[in-house]
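Here is the structure we will look at.
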Amino acid sequence: MKKDLISITDFSKEEYLRIMELAADFEANPNQELLKGKVVASLFFEPSTRTRLSFETAINRLGGRIVGFADPDSSSATKGETLHDTIRMVSNYADLIVMRHPLEGAARYAAEVSSVPIINAGDGANQHPTQTLLDMYSILKTQGTLDNINLFMVGDLKFGRTVHSLLQAMSEFENPIFNFIAPESLQMPRAYKHHLEERGIRYFEHEEFTDIISEADIIYMTRVQKERFSDPMEYEKVKDVYILNKAMLENTKPNVRVLHPLPRVNEIATDVDSSEKAYYFDQALNGMFTREAIISHVMNLK
Ligand code: CP
């Protein structure tokens, strides 16, 4: 039976830990010819820099070959071809499909149609499971554990697919605490808070965080995503509501790390980049090793 990665909840805690182990192995030795003779389709119906390039680099480092598109305008989707037909075709050509799509649920639908594994590289505001696995690898590397983490999630918690997936994954570990910092219009959706309540996991909601930032182990900043707003005025009201700067990090734990899935716009001032507490560029590098690990796990290469 084929293994897909559509939602972070498709994998068990044991699988998360296996991927962390594989990511460390690929970090120590990134070039391993495990995909030799295989073709991977990279279908990006929505813009991307990190996810697409780190996947494609990972595939190259594993010795595989890549077909696909970075711009759906260059595909027959512009002629009206359905996602169903596109996936049926491509799954005849390739051994694995990595797909990003603006519609929530598109990756799950593709997995139902495809004869080869599908890895979801982000579907609308729903899930971004490969980002979550690289976020977990970054937390593990910097904190030495995935247990007892006080995780501050800041910004667009409503449309932010990365925080949705990360919340679900981290809730599998011992004693997490979540602090959600968002304007009222961008708060964490009810379903995710319910997920925590069902498990007896503590969470707190705030509109400001300067007076509590000293409690954080991880500060996970997010971009307010202009492309998810139907009303531009609503975006204007909230776009610059949280801007983390270096001075704000003075009263934080020595080992706190600032993560961001990137791209950033204004939410992290550039003076943070020189702080030892800034980790977002290392996090993006961890993405390449983690995506080698995810491909290896889905394709059962090791
Ligand atoms: N973090 C992330 O998904 O970045 P891209 O949109 O550049 O892929």
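Think of a 1.4 Å ball rolled over the protein heavy atoms: the stretch 129-284 then has 42 Å² of accessible area per residue.
Accessible area of the chain with a 1.4 Å probe: how many percent of it is carbon plus sulfur?
Numbers: 6290 of 12970 Å².
Whole-percent figure for carbon plus sulfur exposure: 48.
Between rounded, prolate and oblate, where does the stretch 1-144 land on the alpha carbon gyration tensor, with a ≥ b ≥ c its root eigenvalues, rounded for a/c under 1.5, else prolate if a/b exceeds b/c? Prolate shape, in that a/c is at least 1.5 and a/b is the bigger ratio. The 1.4 Å probe gives accessible areas that order Thr57, Thr162, Thr49, largest first, as Thr49, Thr57, Thr162. Average 1/r across all pairs of distinct alpha carbons in the chain, invert it, and you get the Kirkwood radius: 19.7 Å. One equal scatterer on each Cα of the stretch 129-284, no solvent, Debye formula: the resulting log10 I(q)/I(0) at q = 0.20 Å⁻¹ is -1.40.
For the peptides 12-20, 145-153, residues were scored by their other Cβ atoms within 10 Å and the scores averaged per peptide; the highest-first order is 145-153, 12-20. If you sort the three axes of the alpha carbon gyration tensor as a ≥ b ≥ c, you get a/c of 1.5 or more for the stretch 189-234 and a/b no higher than b/c, which makes it oblate.
Given 0.36 nm per residue, what is the gain on full extension from Asn255 to Asp147 after removing their alpha carbon distance, in nm?
Contour length minus the Cα-Cα distance gives 37.4 nm.
For Lys36, the lysines whose Cα falls under 28 Å of its own Cα, not counting residues fewer than eight places away in the same chain, are Lys2, Lys3, Lys302. Annotated for the stretch 129-284: lysine pairs at least 8 residues apart or interchain, Cα distance under 12 Å, count 5.
GNM on the chain, alpha-carbon springs under 10 angstrom: the most fluctuating residue among Pro232, Pro117, Pro47 is Pro232.
Taking every alpha-carbon pair under 8 Å whose residues sit at least 6 apart, the chain reaches a relative contact order of 20 percent.
The values are calculated or read from the model by the stated rules, or taken from the named source; none is laboratory data. These numbers come from a predicted model, not from an experiment. Cβ atoms come from the backbone with ideal geometry, glycine included; neighbour counts cover every protein chain shown. Side chains included, ligands, DNA and RNA excluded: accessible areas come from the protein's heavy atoms. Shrake-Rupley method; radii C 1.70, N 1.55, O 1.52, S 1.80 Å.
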